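Here's the structure we're looking at; comments come further down.
Derivation of every value follows stated rules applied to the coordinates shown; laboratory data play no part. Source: prediction; values computed, not measured. We place every Cβ from the backbone using ideal geometry, glycine too, and count neighbours over all the protein chains shown.
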Amino acid sequence: MKRGLQLLTIFVTMIFSSAYGADSAFVDADNEIARCDKVLRDISSMPDKYVPKELFQKARGLAIFPGVLNIGALLGIELGKGIILRRDQETLRWSNPAFFIFRSGSIGLQLGAQSIDLILLFMDEIGLQRLLEEKLILGADVSVSAGPLGRDTSVDTNLRLKSQILSYSKTKGLFAGLSINSGVIQPDRNTNEAFYGTDVSVQDVLYENKGTQTDNIRTLLETINSITR
């Protein structure tokens, strides 16, 4: 009898622990969306250096990786988690965010910073479609250039507009275009499953706009729409 009660106690504890873990992972993911919204709000409030509105309006996708960390001082390895949204070219509506992981070996040492906020504008569908596969390799699968700022309409800007992805960074209150020599973006399967469930894929989120919207997602979409109007 005592042995049976012990097993029952263990079983109940495991059930509640699993449920708490799932709820905690969902809250963490939702908070990540809020951090991404803050990054966008911060850069949109900068008066002199900002992403030209026409670039946001032409972008097919938007990636936000807040707090990308330099985790290897000697090797210069950067790692960050964030979100990517896709803009439907027919409806002009943005999808719900899907969760991704970013890895690189160049940006932190280049900037002399321990942490940066990374923003990527996808200017065509190629990079977004590659995201549905195992991983997207920046510089190999798609071309990446430092994005122009403000009312920059120079010839250099026109050349950079040929790039498939335009990259930006914010660190220590400074916002600038960022050159990325190499990097990998891949789906964060654990976070996507914790937030949307196991039956919703990255393709479902980006191309079918599936998944329940939280208040943080609605706030993020309002921020993006206010920037692109």
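Checking the Cα-Cα distances for Lys58/Lys210; Lys53/Lys172; Lys162/Lys210 against a 28 Å cut-off, the pairs over it are Lys162/Lys210.
The calculated FRET efficiency for the pair Met46 and Glu208, based on their C-beta separation and a Förster distance of 35 Å, comes to about 0.55.
A Förster radius of 25 Å combined with the Cβ-Cβ distance from Leu174 to Asn225 puts the calculated FRET efficiency at roughly 0.45. Full extension of the chain segment joining Leu69 with Lys38 gains 9.4 nm, where the gain is 0.36 nm per residue of separation less the Cα-Cα distance. Among Lys58, Lys162, the ranking by other beta carbons within 10 Å of each residue's beta carbon, starting with the fewest, stands as Lys162, Lys58.
Between Arg218 and Leu132, the modelled label-to-label distance comes to 3.0 nm, taking each label 7 Å out from Cα in the direction of the beta carbon.
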